[in-house]
Amino acid sequence: MDGRDQMRAADSDRTAVAEQLLRALNEGRLDLAEYEERLQRVYAAKTYGDLNGGGLLDDLPGTVPVGEAQMVPVGEDGGRGLTPGPDGRYPGATRSWLAETWNGYFGVVTIVVTIWAVTSLVSTEWLYFWPVWVGGPWGAVLLLNTVRGLATGEPQRWAARRAAKRRAKVEKRNRRRLEQDEEGEPA
């Protein structure tokens, strides 16, 4: 055992191992009973040695003990920045937040410009470009909100909220599966 194995593990370290176990459960590599047993051991772990040893992840492909991880894996979020890195920050959160913030705007502006273009073609003359009154003010407000959000770190908070919702949804689904399995067992 080296010195790191004797260091106390943080909640984020336990959560990272728990997420790896959850991925293994979702992939069908662990059954519910084994997942529960390992999860209890994860949250009872006090040191890095407890997390890295004891066969928590040893028999699962593609898992690396927390202390040895050097890359942030692409999780169930498909690389949209909703899997925290080793520092607790969400890589790619800014890109995902910007896409979600601006996506509706570009869709609506495309529709109103298309309507303007079709009506101009049908009338055989260029009509007043009224879409500027839809896209202009809305775009200005979005731009101000984007600058303010980037300056205050909103993408990281947004990613944390999304990740928490996703975890709660997965945990609820797993509890439901567990309850269904328990109901199906003979007494």
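The values are calculated or read from the model by the stated rules, or taken from the named source; none is laboratory data. These numbers come from a predicted model, not from an experiment. Counting neighbours? That spans all protein chains shown, and the Cβs are built from the backbone with ideal geometry, glycine included.
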### Query
Among the listed residues LEU127, LEU150, which satisfies the condition of being of a type outside the set (Gly, Ala, Ser) and within 30 Å of THR83 (Cβ to Cβ)?
LEU150
### Query
Of all residues in segment 150-160, which are surrounded by 11 or more Cβ atoms within 10 Å (Cβ to Cβ) and without any contact (Cβ under 8 Å) to a residue 24 or more places away in the chain?
GLY153, ARG157
### Query
Got a sec? Which of ASP50, ASP58, ASP77, ASP31 is of a type in the set (Asp, Glu), surrounded by 15 or more Cβ atoms within 10 Å (Cβ to Cβ) and modelled with pLDDT of 55 or more?
ASP50
